[in-house]
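Engineer: Before I ask anything, let me first share the structure, which is written out below as structure tokens.
What follows is calculated from the coordinates using simple rules that are stated; it is not laboratory data. This is a predicted model, so every value here is computed, not measured. Virtual Cβ from ideal backbone geometry, glycine too; neighbours counted across all protein chains shown.
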Amino acid sequence: MNQIIEALLDHRSIRKFKDKKLTEEQIHTIVKAAQQASTSSNVMAYTIIGVKDEHLKEELYNVSGHQHVKDNAHMFIFCGDLHRINHLDNPEHNQHIQENLESTEQLIVATVDAALAAQNASIAAESMGLGICYIGSLRNDINRVNELLELPEYVIPLFGLVVGYPDHMPDIKPRLPLETIYHEDKYKPFAKQQKFIEAYDNEMSNYYKTRSSNTKADTWSDQMVRKFSNPTRMDVTPFIKSKNLNKR
Ligand SMILES: Cc1cc2nc3c(=O)[nH]c(=O)nc-3n(C[C@H](O)[C@H](O)[C@H](O)COP(=O)(O)O)c2cc1C
């Protein structure tokens, strides 16, 4: 196994960091690695916002409720961004561009581009001995984040990425068996996935019972059913449309 694969298989989210900031050089290295990710048709439909202002961090902490949003070496916010594209042509005759930007397809392009860049950033940071945690809970109040970051039309905040020097080393979280996630030639019906999911539930139950902190009695299936039984962040749909995305 090569070093890159070893590092990928060693990933775990870090939620407690030492009190030390990233240097500008480290920030730029991470962003450059993010930028080199593949991007649909070279559109580069994303913007990364680094959070330095302590008051802004406090506000984002209030939205997300996570201590690691406040106490880290640096925080990046990944936004889907089609604003630049809209400005490339004269607004008076770019009606076709705008119609295109409003499609579900372009929302997918922007979201996928941002996610690929973020994962490159994460791997770059981890390769530098740093720990990372994604912060989807910024979408707990997407309108507030939009306001705080002064995002224009066609730009949406997708998630944060906090980076820092690990101050704990949680156990690696097991993943679903490969047989569940990887299918060949055609979709494997749920009935054929079920026994692997049951095995995973047993593995996760054991993981939660025996991990080094925050032990609990739970399984993956129970967690998922609870999670998806509650409508969450229903304001995201109208928000996206208010940014003139996903309208057609
Ligand atoms: C898009 C995205 C959003 C996430 N949001 C949060 C979050 O708001 N808070 C948090 O503590 N972890 C968050 N996570 C981390 C996941 O909970 C974590 O990756 C998952 O449980 C697997 O654990 P591991 O990363 O330690 O292997 C997020 C992960 C992703 C990919």
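Engineer: Being in contact with an Asp or Glu (Cβ under 9 Å, 6 or more places away or on another chain) and either within 25 Å of SER40 (Cα to Cα) or loosely packed, with under 14 Cβ neighbours inside 10 Å (or both) narrows it down to one of ALA118, ALA110, so name that one. If you could, list the steps in order and put the result at the bottom.
Structural biologist: Numbers: ALA118 fails: in contact with an Asp or Glu (Cβ under 9 Å, 6 or more places away or on another chain).
None of the others qualify; the one that does is ALA110.
For (1) among the aromatic types (Phe, Trp, Tyr); (2) exposed (fewer than 12 other Cβ atoms within 10 Å of the Cβ); (3) more than 30 Å from GLN36 (Cα to Cα), each residue gets a yes or a no:
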{"residue": "TYR134", "(1), (2), (3)": "yes, no, no"}
{"residue": "ILE142", "(1), (2), (3)": "no, no, no"}
{"residue": "LEU158", "(1), (2), (3)": "no, no, no"}
{"residue": "LEU161", "(1), (2), (3)": "no, no, no"}
{"residue": "TYR182", "(1), (2), (3)": "yes, yes, no"}
{"residue": "LYS186", "(1), (2), (3)": "no, yes, yes"}
{"residue": "TYR207", "(1), (2), (3)": "yes, no, yes"}
{"residue": "THR210", "(1), (2), (3)": "no, yes, yes"}
{"residue": "SER221", "(1), (2), (3)": "no, no, yes"}
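Engineer: Test ASN146 against the stated conditions and say whether it is under 24 Å from ALA34 (Cβ atoms) and surrounded by 11 or more Cβ atoms within 10 Å (Cβ to Cβ). Working first, answer last.
Structural biologist: Details: under 24 Å from ALA34 (Cβ atoms): yes; surrounded by 11 or more Cβ atoms within 10 Å (Cβ to Cβ): yes.
It is true that ASN146 is under 24 Å from ALA34 (Cβ atoms) and surrounded by 11 or more Cβ atoms within 10 Å (Cβ to Cβ).
Engineer: Note down all Cβ pairs under 6 Å where the first residue falls in the stretch 15-41 and is more than 24 Å from GLU54 (Cα to Cα), the second is assigned to a helix (DSSP H, G or I) and of a type in the set (Val, Ile, Thr), and they're at least six residues apart or on different chains.
Structural biologist: If the second residue must be assigned to a helix (DSSP H, G or I) and of a type in the set (Val, Ile, Thr), the pairs left are SER40/VAL109.
Engineer: Of all residues in the stretch 118-149, which are within 14 Å of the ligand (Cβ to nearest atom), within 23 Å of ASN244 (Cα to Cα) and in contact with a helix residue (DSSP H, G or I) (Cβ under 7 Å, 6 or more places away or on another chain)?
Structural biologist: Matches in the stretch 118-149: SER137, LEU138, ARG139, ASN140, ASP141, ILE142, VAL145.
Engineer: Now, a different point. Residues of the stretch 150-166 being part of a strand (DSSP E or B), farther than 13 Å from GLY80 by Cβ and away from the ligand (no atom under 13 Å from the Cβ), which ones?
Structural biologist: Narrowing the stretch 150-166 to residues part of a strand (DSSP E or B): 155-164, 166.
Restricting the remaining residues to those that are farther than 13 Å from GLY80 by Cβ gives 160-164, 166.
Result: VAL163, GLY164.
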